[in-house]
Each structure stands twice: as structure tokens, then as C-alpha cells.
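Inspection log for the structure reproduced underneath, given as C-alpha cells.
The values are calculated or read from the model by the stated rules, or taken from the named source; none is laboratory data. Since the model is a prediction, treat every value here as computed from it, not as a measurement. Here the Cβ positions follow ideal geometry from the backbone for every residue, glycine too, while neighbour counts run over all protein chains shown. Ligands, DNA and RNA are stripped out before the accessible areas are found, and what is left, the full protein with its side chains, is counted by its heavy atoms. Shrake-Rupley method; radii C 1.70, N 1.55, O 1.52, S 1.80 Å.
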Amino acid sequence: MTLGYYPGCTLKSHARNLEDSAIEALKVLGVETVELERWNCCGAVYSLADDDLIHQLAPVRDLIRAKDMGLDKVMTLCSMCYNTLARANLLMRNDEAKRKTLNDFMEEESDYAGEVEVIHLLQFLKNDIGWDKLKAAVKVPLKDLNLSPYYGCTLTRPLEVSIDEAVSPTIFKEFIEALGGTYIHSDHSAECCSSYQMISNPEAAIEAASKVVRSAEDQGADALALSCPLCEYNLGKRQVDILKKHDDLKPLPTFYFSQLLAVALGVDPLICRFELNPTASLELLEEKGVVEKVSA
Amino acid sequence: MCQEAPLAEGKALAITAELIPVYIMGKKYMVPESLTIMKAMEYAGYQFVRGAGCRGGVCGACGTVYRLPGDYHIRVGLACQTVVQPEMYLTQIPFYPANRTSFVWDEIKGEAEEVYKAYPELFRCLACNACSKVCPMDIPVMDYIAAIKRGDLEKAAEISFDCIQCGLCATRCMGEMAQYHIAQMVRRMHGKFIDVPSEHCAKQVEAIKSGYYDDFMKEIMALGTLDPFKQDNVNDDVKKLKELYKARQGEPSTSENEWTPDSDYAILK
Ligand code: SF4
Ligand code: SF4
Ligand code: FES
């Protein structure tokens, strides 16, 4: 099976661990990803201003590229790319006037009316692979690993692009359980990690991010599983700052969900690029016996 | 209609072409329909001090924008390559202010972050594609900017390879960047850090340094100074220069490092 794939800029630089592990894991499941031949940045944030169509050009252009390749579906890994593309897609499907303005402006491109479907890898695993088949493919169950999923804002909001039931989603729980891990509920799994506030208002951002870490730790999580490089930045890379302000918190490893998928499917941990995880993620897997200790 | 027209090289030539109206910076001129924009401008009395270089479509000095009646599209062409069309409104944009960051080349390591630091405006691209639409070399400018944004310097170098630095893309950018300067930095980094080193190029540089070509150079320099506005330049020196120019050899773009020239001007072995 082949699957159209939109990577997003960060996955080609700082978040190679998110991309490489996903592509290898999909290979184990018999799925070849086909990256869009041409693509540009999705715009990262969906523009909410009703009259601001210029910011829709970038995501819509990506969708046109997918359509031009004959794809009926395009898969994303990054939550923010997913959100931006899926919402731009709905705009093109549902708003006739804006669709016309955008198509007229991009007259050098094929006309687009939302023909391609934007999905996130978690949806693909659930709907196209199926949890039972995934479970059967697991070679190294993530047993003894207490994992708390972190949806963040963009996987389940707004309602019309939610990858699952929006108020109490279970897709991440089902994913963790299919891999043989233990799901840990956290009240803050869909609270904002502070997003770009980490740059403009770091104090408030660290407060917000610390609540996410605390909630997961209080419930007994060994690690967070997430799907967004920005969340990873705030909760992983900036965790040192969180711990500095909150010395009662313990370090909490963070994983991209695709890394967990890959190790469970027996992919070489080297491919999963754990060296890019800012937290001691590989060490946790070694300690739990999920991957063999490489460091003597 | 037949008439005499002065041409760039100072020769008079019988023009048998129809005269057509063109508007150069808004003023109407009747020019022979077979001329390029550059020659038509000279025909109309303009003299190029800037805005012309190679006259062969490679130097990028002569970028020109024009519009045709009843069509809102902005059209572009190199003045030295594009033939005039009836009723076209045109102006040359030989130069457009565009910042080029200076950096210490020896300190560059070949990382995308260095490009981001030198040209942070890169991230103002909104994918409007206006740049690609005006590129006279048909380069998908937006795509090389997109590739740089995601750190794919190799792809960006490949896409922008044919850029002649005409600057027209920068005239249209809503992000106000000078795409071609950014791409040039990337191609230089690509050449130094990513591409396979070319052995014969290194040899050639050695040959130049060793003084192997000094005599050839002196020979050429002794051929006298030419005044492009004089009619009597067709002397022996010019003939010799032309011969040398025609006999010059260049590495074919398809060669894979195994090419060597076959004349006297060969690379030192
Ligand atoms: S990329 Fe820009 S500078 Fe280069 S040839 Fe095209 S328009 Fe000219
Ligand atoms: S003109 Fe500027 S903003 Fe528009 S696509 Fe090109 S680089 Fe991006
Ligand atoms: S004069 Fe050099 S490209 Fe036209």
C-alpha cells in the first residue's frame, strides 16, 4: 500500500526523529509513504481572520500538489501541519466565495475544491490499519511503560477537524494499548503547552507547560507521548526551565508517538534518532527493557 | 517597408521588417518587428550604459517587464532575448535594491541555520508564487525558498541553478526578500560542503596559480582596447579576439568530472 505524505518543514530539520521513525514503522506495516514531489511550508498556524486569505495560499497550494499527484489522501505527522492543512481544506470545500477568490489568485495552479482528504497518522493507524492488525504486528510490546498521551490543542480542536471524539478522545489511548503500553490518563492532555508564548512570554509559558508535566507525573506517567514539534519544544527541550522553577517535579521523558510505534514494531532504535530527544528517552526504554542497552 | 537602422555593433543594416508600435516607459516608438527589446531600444535612440551585459541571455543585466493590451498579466523577459510585440508597454528593471548580507566565508560551516541567520526574512514567504511567475529563466523561485526554509540546501541549489541574478523575483516579493541572494549563498555552501569536489577544477586552479596561463593572458590583453561606439573596430585584433572567443572551451553541463579540454589551453596534467 502507498500513502501520500506531507512532511512539514520541522520534520526535515529538528524533528527528524518524528519523521524517520514513522516512515520506517509504516514500512514494517507494509505501507510505503510517498512524499509530495513539491511542497512548501503549510503556514504552521491557521489564520482565523475571516478576510485574511493570503495565509491560506500556502496550505491550499500543498493540497493542490497532492491532488495533482493523483492522491485522494494526504497523511501528516505533525499536529500543527495536520490542523492547518485540514482546516484550509475545509475552507476550500465549504466556502464557495473564498474558494473562488483563492483559485482565481492561484490561476497558475489546478482548481481545487477540497478533493483531497487530510489525515493524521493516528487516524490512518486506527481506520486503515486497524488496532488489531497493529497489535498483531508488535514485536516488542511496550510493557511496563506508563505512557500519558499529549494531544495538545491541534489534534482535537476545532471540532470539525478533530481526529477523534473532541471532548474525551480515546485514539491515543487505543494506540498506546495496541503497542502493549499502559495508558495513563492526564487531565491536562489537551491543555495548551503554551505554544509560541514560550518565545514571547516565557514565564507564563513555563507555568502552563509545568501543569502538563505535573498532571502526567501525578498520575504515574513514565513519559509523555506527543505528535507535535512545538509541543515537544515546550515540554521537552524547555523542560530544564520547567524543572528549575518547579523543583518538586522529576524529569519526564518525551517521545514522539512514531518513535514508540517504531520500537514496538522492532525498528532499529538508531533509526528513531533518540539523540534528538532532549529528554532521557532512550535511557527509559533501556531501563524498561524495551530496547537493548547499547551504551555499556 | 524598408529602411536603414543603426545596430548595436555600429553597423548599418537594411531592415526589411515591418515597423510596429511599442511603448518604452510609456512613450510610443515605431520599431522593426524582428528586433529584440534591447535592439529596439537602441533603435529608438537609447544607449545602454547599464542594463546590458552579455547580450546572450546569461548575465541577467537586462531584466524587462512588459504588458500586452487587454491582458492584466505581468510579463517578463530578458531584453536581449525577447522579441518585441506590437503595442507592448515595457520598461527595463536593470537593478532593484536588494540587501546582500555579508559574512565571513571561512567561518561558514554549511548549515541551514547560517542561512536563516543571514536572511531571517526568508520566513516571511507566504507562498504567493509571484516570484516564480516573473522569473525569466522559468525557475520555480517559490520552491527553492520553500526548500531553504526546510533546510534542504541541496534541493535549493539544484532548483536555483539556472538563476542569472536578474533580480526580478525580488521586485515582486511580498515578503520583501531578495530570493536570488539567498539562493546564491546556498549554492556557494552547496559547492563547498555538499557537492562532490571537482578534481579537474582544483587542477585548473593550480594551473592558474602556477602561472601557466600568464602568457596567454598577456597575449589577449595586448590585443588593444576597443571602443564599442567606434565604427572601425573591425580590425585584426578584433578578429583575433573573436577567433579566440569562438575556440574557447567549456565543460559541458552533463559531464561527470571526466571532461578535459582538447586545445592548447588544456589543463596541466
Ligand atoms: S530566480 Fe530571481 S534573480 Fe534568478 S533568474 Fe529568476 S527572477 Fe532572476
Ligand atoms: S514572492 Fe516572496 S512571498 Fe511570494 S512566494 Fe516568492 S518568496 Fe514567497
Ligand atoms: S544582456 Fe546579459 S542577459 Fe541580457
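Of the strands (runs of 3 or more DSSP E) lying entirely inside the range B:23-121, the ones with 1 or more residues being in contact (Cβ under 8 Å) with a residue 12 or more places away in the chain and within 16 Å of ligand 3 (Cβ to nearest atom) are found at B:63-67, B:75-78, B:89-92.
Determine whether the range B:55-73 contains at least one residue that is within 16 Å of ligand 2 (Cβ to nearest atom), open to solvent by 70 Å² or more (accessible area, probe 1.4 Å) and modelled with pLDDT of 95 or more.
Scanning the range B:55-73, I find no residue that is within 16 Å of ligand 2 (Cβ to nearest atom), open to solvent by 70 Å² or more (accessible area, probe 1.4 Å) and modelled with pLDDT of 95 or more, so the answer is no.
Consider the range B:97-124 and keep the residues that are within 24 Å of the chain's Cα centre (by Cα) and within 14 Å of chain A (Cβ to nearest Cβ). The one that is farthest from B:Ala170 (Cα to Cα) is B:Val115.
Considering the range A:189-237, the residues that are within 21 Å of A:Pro169 (Cα to Cα) and basic (Lys, Arg) include one that is surrounded by the fewest Cβ atoms within 10 Å (Cβ to Cβ), namely A:Arg214.
All of (1) assigned to a helix (DSSP H, G or I); (2) of a type in the set (A, V, I, L, M); (3) touching a residue at least 40 places away in the same chain (Cβ under 8 Å) hold for B:Val196 with one exception: (1).
Rundown of residues vs (1) of a type outside the set (D, E, K, R); (2) surrounded by fewer than 20 Cβ atoms within 10 Å (Cβ to Cβ); (3) assigned by TED's automatic domain parsing to the domain that holds A:Gly181, yes/no style:
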| position | (1), (2), (3) |
| --- | --- |
| A:Arg38 | no, yes, no |
| A:His55 | yes, yes, no |
| A:Val60 | yes, no, no |
| A:Leu77 | yes, no, no |
| A:Cys81 | yes, no, no |
| A:Glu108 | no, yes, no |
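Here is a yes/no grid of residues against (1) of a type in the set (S, T, N, Q); (2) closer than 25 Å to B:Trp259 by Cβ:
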residue: B:Ile164; (1), (2): no, yes
residue: B:Ala170; (1), (2): no, no
residue: B:Tyr180; (1), (2): no, no
residue: B:Glu199; (1), (2): no, yes
residue: B:Gln204; (1), (2): yes, yes
residue: B:Phe216; (1), (2): no, yes
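Considering every residue within the range A:22-33, establish whether at least one is at pLDDT below 95 and of a type outside the set (A, V, I, L, M, F, W, C).
no
Selection of the range B:223-251 for residues being open to solvent by 80 Å² or more (accessible area, probe 1.4 Å) and modelled with pLDDT of 75 or more yields B:Asp236, B:Lys239, B:Lys242, B:Glu243, B:Tyr245, B:Lys246, B:Arg248, B:Glu251. Report yes if some residue within the range B:189-204 is touching a Phe, Trp or Tyr at 6+ places or on another chain (Cβ under 9 Å) and farther than 28 Å from A:His55 by Cα; otherwise report no. There is at least one residue in the range B:189-204 that is touching a Phe, Trp or Tyr at 6+ places or on another chain (Cβ under 9 Å) and farther than 28 Å from A:His55 by Cα. The sole residue among B:Ala157, B:Ala147 that is away from ligand 2 (no atom under 13 Å from the Cβ), farther than 19 Å from B:His73 by Cα and open to solvent by less than 10 Å² (accessible area, probe 1.4 Å) is B:Ala157. Where residues in the range B:147-160 are out of contact with any Phe, Trp or Tyr (no Cβ under 7 Å at 6 or more places or on another chain) and in a helix (DSSP H, G or I), which of them is farthest from the other protein chains (Cβ to nearest Cβ)? Taking the candidates together, the pick is B:Ala157. Considering only the range B:162-173, I want to know if a residue exists there that is open to solvent by 10 Å² or more (accessible area, probe 1.4 Å), within 14 Å of chain A (Cβ to nearest Cβ) and in contact (Cβ under 8 Å) with a residue 24 or more places away in the chain. The answer is yes; a qualifying residue exists.
Taken as a whole, the condition of being open to solvent by less than 70 Å² (accessible area, probe 1.4 Å), within 16 Å of ligand 2 (Cβ to nearest atom), within 12 Å of chain A (Cβ to nearest Cβ) and in a loop (DSSP other than H, G, I, E, B) applies to B:Ala127.
The number of residues in the range A:120-164 being open to solvent by 10 Å² or more (accessible area, probe 1.4 Å) and not in a loop (DSSP other than H, G, I, E, B) comes to 14.
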